[in-house]
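So the structure is just underneath, and the comments pick up after that.
The values are calculated or read from the model by the stated rules, or taken from the named source; none is laboratory data. As the structure is a computational prediction, the values presented were derived from the model and not from experiment. In this analysis, Cβ positions are derived from the backbone assuming ideal geometry, glycine residues included, and neighbour counts consider all displayed protein chains. Accessible surface areas use protein heavy atoms only, side chains included; no ligands, DNA or RNA. Shrake-Rupley method; radii C 1.70, N 1.55, O 1.52, S 1.80 Å.
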Amino acid sequence: MISKIMNKFSRMSIRFKLILAFTLTAFFMFMINLFMYVEVNNKMELVDQVYSSNVDLNDLLETLEETQQSVYEYLNTKSSASLENYYRMEQQFQNQLSGLNRQPSDNKLMLREKNIANMSDTYLTLLQDTVQAKRGRNVEKYKEGYEKSKELYQYINNWIYELNNETFKMNSTSYQLLVQSLKYMEIVSSTVLICITLINMLVLLRLARNIVEPLGNLAQSANQVAAGNFDVPMLQTDSEDEVAIVTNAFNTMIASIRQYIIQIRNSMEKEQAMKEQELLMETHLKDAQLKYLQAQINPHFLFNSLNAGAQLAMMEDAEQTCLFIERMADFFRYNVKKMSDDATLGEEVESVDNYIYILNVRFAGDIHFSKNVDSALLFKKIPSMIIQPIVENAVNYGIRDIEWEGVIVLSIFQENDYIRICVQDNGKGMSKERIQEVYAGEIHANKSQKDSTGVGLNNVINRLQLYYGEKNLFRIESDGTNQGTKVTISIPLSEEEQRCIESY
Amino acid sequence: MRKKLPVFIGISVMILLTVASIIYYNYITNSLKINELTKGMTYDRHYVMISLNASGQFWQEVYKSACETAENEGAYVELLGEDSSQNYTLVDYIEIAIAAKVDGIILEPEDTRNVQNAIDEASDAGIPVVTVLEDCSNCKRLSYVGVNSYQLGQKYGTAALPLLQEGENRVMVLLHEEEKDIASNLIFTQINSTLQEGLADNQTAVVNSQSISSQNIFDSEEIIRDMLMNASERPDVLICLNEADTERAYQAVVDFNLVGDVQIIGYYLSDTIISAIEKNNIPMSMVVDARELGSYGVEALEEYRNIGNVSDYFSVDLTSINQSNIMEYQNMEEDS
């Protein structure tokens with residue numbers, strides 16, 4: 001039962017709790033005051049009643065006296081005025097008597113009242129007889145009646161007087177008792193008021209603490225959050241008031257802030273990774289460029305010189321020489337120019353053509369190079385300087401110094417989502433261990449190698465991986481020594497590019 | 001939940017405190033008996049008991065018993081002559097009772113003409129009158145409750161006999177002027193004859209009576225002291241016929257250092273008399289059963305009211321109390 005009420009109370013809003021607390025207190029104060037007023041009124045009424053009895057008795061005494069006087073006057077003068085006066089007084093006396101008790105009682109005062117009333121009745125009857133006798137001129141009878149009435153008058157007078165005295169004595173005692181009871185009431189009511197005030201203060205204090213405590217906790221938590229500590233424990237509430245609503249909202253806020261922080265951290269990590277990738281890529285490019293520049297001293301001077309040579313050959317009608325020099329100039333220009341940009345597959349293939357041409361001039365046509373290229377794929381942008389280093393490897397490590405005729409085949413075709421760039425030679429081949437070493441990047445381009453353009457396989461593999469974010473785009477296959485080598489580069493195609501190629 | 005508990009305890013304490021203090025306050029004011037003015041049992045009939053000695057312990061006892069009997073019958077008895085500041089005579093009281101139209105009068109009368117007339121007047125007004133302790137002859141009283149005067153005189157005489165010594169003895173009987181009637185005379189003569197008959201050979205007894213007027217309040221005291229001071233008239237045995245005389249005589253005997261010289265035969269047992277008997281300063285006291293007196297008085301009135309007729313005489317027990325049986329008597333009183 002109590003727990004039910006308490007549950008209900010804890011579900012109330014602060015406003016309602018405060019109103020309830022104040023209303024209850026006010027109600028109790030009001031009830032106590034009401035009780036006090038009612039009691040005071042009751043007691044005052046009692047006092048009134050008590051003293052009015054004295055006043056009534058005095059009136060009765062006066063009327064009695066006047067009645068006796070009026071009878072005497074009538075008997076003395078027999079005037080109609082005095083008779084009238086007697087009748088009036090008799091009526092008044094009778095009226096006043098009607099207020100007296102006429103029942104035998106063990107209360108002395110009540111009993112006295114009864115006696116007075118009865119004696120007065122007897123007295124009045126006697127007076128009537130006397131007056132009647134006077135009117136009938138029965139001298140003997142009215143004289144006797146008057147004497148008797150005087151006696152009775154005296155008795156009644158004394159009794160009323162005594163009753164009055166006793167009533168007054170009783171009234172004084174009652175009045176003292178009344179004063180005493182009012183004093184008791186004062187004590188009781190002040191005690192109750194003080195106690196209620198104290199308890200009320202305690203209740204309000206408790207209530208205020210119940211309200212303020214969670215607010216304090218809330219503020220503390222908020223400060224911690226403001227200071228950057230998002231791992232504050234969730235605040236507990238067992239009520240359902242306004243503070244609880246705020247606390248719950250705060251808890252929700254903390255939870256969602258934590259969620260956001262996790263999300264932001266994830267995306268920042270991603271961004272960081274991407275930046276690192278970019279930086280790495282740049283480093284590799286720079287590395288390739290540097291190596292190239294190391295190998296080429298002042299390429300512009302070389303181009304210009306080459307161009308001058310080509311013009312000279314043209315003027316001398318040495319067409320072969322002219323073509324050779326032009327090709328060489330193109331090759332180096334491409335190398336210099338395209339090192340930092342992406343190139344199309346077509347440009348790459350052209351670069352390979354130039355390279356092979358130059359080598360064939362150098363080695364008197366020893367390299368049999370053929371290509372099988374899907375021309376629809378030539379527009380595809382890819383990192384530059386990818387195919388040429390592979391071809392260079394095929395020349396330098398595959399078909400150089402072999403007994404048989406060296407052949408290099410370049411094929412470019414689409415296979416599923418990829419463009420496959422395949423460089424196949426029939427040279428010395430590679431052992432499995434060596435292939436693994438190449439994948440692991442443990443083979444470095446021999447710096448003393450004079451024929452190298454300076455871009456190693458390692459560089460190509462890393463750039464491919466960085467550019468497309470995929471591994472295994474570079475594959476080396478060889479069946480063993482003297483079995484030739486096949487190097488395949490896979491370039492991923494987006495769906496849009498695939499559609500584009502299909503429509504070509 | 002636990003946090004809310006103090007709030008609820010507080011509110012409960014508040015309610016409890018308020019209710020408790022209101023109850024406490026009511027209890028206190030009720031115990032002050034402030035409303036006694038208008039309180040009281042009401043009764044069907046109203047009797048008055050009139051005695052000029054009403055304030056004495058004996059009459060209080062009679063009155064108490066009368067009240068108890070009356071209450072069972074649904075009547076109330078009022079005692080007159082007790083606290084009146086007016087010097088009313090018996091006749092006055094009877095007149096008052098008649099005027100107040102009471103339902104019956106229980107009266108300790110004086111056997112005088114005026115009282116007889118007043119009793120007749122009451123009877124004519126339809127108010128039955130029962131005389132108690134003393135009778136009133138030649139009037140229309142309804143019934144008499146009390147001790148037979150003849151029997152009383154005999155008892156006193158018998159009681160005085162063992163107190164007499166060899167040689168001449170003076171015996172004094174204190175009578176009241178109003179009682180110098182047939183009843184008083186009867187008592188006196190009966191005492192005298194009982195004594196004379198019972199005297200031993202070597203004893204003589206002179207029995208005298210002293211009348212005391214009850215009109216003047218202090219007369220009785222003066223007369224007793226005069227009597228004791230005068231060695232030649234000093235009685236050997238002093239017989240008192242009422243409570244007040246017994247106490248006065250005893251006080252005078254003690255004051256004049258005459259304990260043992262003057263033997264008092266008293267009447268009734270007041271506290272003073274009891275302690276005197278216990279010390280053997282008063283050898284004996286006659287006790288009329290006050291309770292019987294009161295209750296018979298009321299019973300006579302009730303019987304008359306119910307049947308219309310009632311016995312003329314109700315006899316009340318008379319006991320002589322001395323040192324040997326006083327304890328027994330008191331225990332009996334307490335039991336009743």
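Descriptive notes on the structure:
- Taken together, A:ALA364, A:ALA394, A:ALA376, A:ALA343 contain a single residue that is open to solvent by 50 Å² or more (accessible area, probe 1.4 Å) and among the aliphatic types (A, V, I, L, M), which is A:ALA364.
- Only one of the listed residues (A:LYS183, A:LYS150) is exposed (fewer than 14 other Cβ atoms within 10 Å of the Cβ) and touching a residue at least 12 places away in the same chain (Cβ under 8 Å). That residue is A:LYS150.
- Taken over the range A:93-124, the residue count meeting the criterion of being more than 9 Å from chain B (Cβ to nearest Cβ), open to solvent by 70 Å² or more (accessible area, probe 1.4 Å) and under 28 Å from B:VAL77 (Cβ atoms) is 2.
- In the range B:53-64, of all residues being in a helix (DSSP H, G or I) and open to solvent by 30 Å² or more (accessible area, probe 1.4 Å), the one that is farthest from B:ASN306 (Cα to Cα) corresponds to B:GLN57.
- Condition check for A:GLN272: part of a helix (DSSP H, G or I) and open to solvent by 60 Å² or more (accessible area, probe 1.4 Å): yes
- Count of the range A:374-406 residues which are of a type in the set (Asp, Glu), free of Cβ contacts under 8 Å to residues at least 40 places away in the same chain and in contact with an Asp or Glu (Cβ under 9 Å, 6 or more places away or on another chain): 1
- Enumeration of residues in the range A:459-494 that are free of Cβ contacts under 8 Å to residues at least 60 places away in the same chain and within 15 Å of A:LYS381 (Cα to Cα): A:TYR468, A:SER494
- For the range B:144-164, the criterion of being within 28 Å of A:TRP159 (Cα to Cα), of a type outside the set (Ser, Thr, Tyr) and part of a helix (DSSP H, G or I) is met by none of the residues.
- Residue within the range B:284-294 that is in contact (Cβ under 8 Å) with a residue 24 or more places away in the chain, under 29 Å from B:GLU168 (Cα atoms) and open to solvent by 10 Å² or more (accessible area, probe 1.4 Å) present: yes
- Answer from B:ASP201, B:ASP219 - the residue that is modelled with pLDDT of 85 or more and acidic (Asp, Glu): B:ASP201
- Residue in the range A:161-171 that is under 30 Å from A:GLU62 (Cβ atoms), part of a helix (DSSP H, G or I), without any contact (Cβ under 8 Å) to a residue 12 or more places away in the chain and open to solvent by 50 Å² or more (accessible area, probe 1.4 Å) present: yes
- Single condition B:LEU142 does not satisfy, out of (1) surrounded by fewer than 19 Cβ atoms within 10 Å (Cβ to Cβ); (2) closer than 28 Å to B:ARG291 by Cβ: (1)
- Entry remark, the range A:173-211: residues being under 24 Å from A:VAL47 (Cα atoms) and within 8 Å of chain B (Cβ to nearest Cβ) number 9 in total.
- In the range B:65-119, the qualifying residues are those that are away from every other protein chain (no Cβ under 14 Å) and out of contact with any strand residue (DSSP E or B) (no Cβ under 9 Å at 6 or more places or on another chain), and the one that is most open to solvent (accessible area, probe 1.4 Å) is B:ARG113.
- Residue in the range A:214-226 that is more than 30 Å from B:THR29 (Cα to Cα) and either within 11 Å of chain B (Cβ to nearest Cβ) or in contact with a His (Cβ under 6 Å, 6 or more places away or on another chain) (or both) present: yes
- Any hit, the range A:61-72, residues being within 14 Å of chain B (Cβ to nearest Cβ), under 30 Å from B:GLY74 (Cβ atoms), in contact (Cβ under 8 Å) with a residue 24 or more places away in the chain and open to solvent by less than 90 Å² (accessible area, probe 1.4 Å): no
- Which numbered condition B:ASN242 fails, given (1) open to solvent by less than 60 Å² (accessible area, probe 1.4 Å); (2) more than 27 Å from B:ASN87 (Cα to Cα): (2)
- Summed over the range B:91-124, residues that are in a helix (DSSP H, G or I), charged (D, E, K, R) and closer than 21 Å to B:ARG305 by Cβ total 3.
- Scanning the range A:386-432 for residues that are of a type in the set (A, V, I, L, M) and either under 26 Å from A:LEU466 (Cα atoms) or in a loop (DSSP other than H, G, I, E, B) (or both) gives A:ILE386, A:ILE387, A:ILE390, A:VAL391, A:ALA394, A:ILE402, A:LEU410, A:ILE412, A:ILE419, A:ILE421, A:VAL423, A:MET430.
- Between A:PHE35, A:PHE22, A:PHE28, the distinction of being away from chain B (no Cβ under 11 Å) and either touching a helix residue (DSSP H, G or I) at 6+ places or on another chain (Cβ under 8 Å) or among the aromatic types (Phe, Trp, Tyr) (or both) belongs to A:PHE22 only.
- Where a residue in the range A:263-276 is small (Gly, Ala, Ser) and its partner, wherever it lies, is modelled with pLDDT of 95 or more and surrounded by 10 or more Cβ atoms within 10 Å (Cβ to Cβ), with Cβ under 9 Å and at least six apart: none
- Test result for A:VAL139, more than 10 Å from every other protein chain (Cβ to nearest Cβ), without any contact (Cβ under 8 Å) to a residue 24 or more places away in the chain and of a type in the set (A, V, I, L, M): yes
- Of all residues in the range A:286-322 being among the acidic types (Asp, Glu) and modelled with pLDDT of 85 or more, the one that is most open to solvent (accessible area, probe 1.4 Å): A:GLU319
- Enumeration of residues in the range A:64-112 that are under 30 Å from B:GLU68 (Cα atoms) and touching a Lys or Arg at 6+ places or on another chain (Cβ under 8 Å): A:LEU100, A:ASN101, A:ARG102, A:GLN103, A:PRO104, A:SER105, A:ASN107
- Elements of type strands (runs of 3 or more DSSP E) contained in the range B:171-290, each with 3 or more residues being over 18 Å from the mean Cα position of the chain (by Cα): B:203-212
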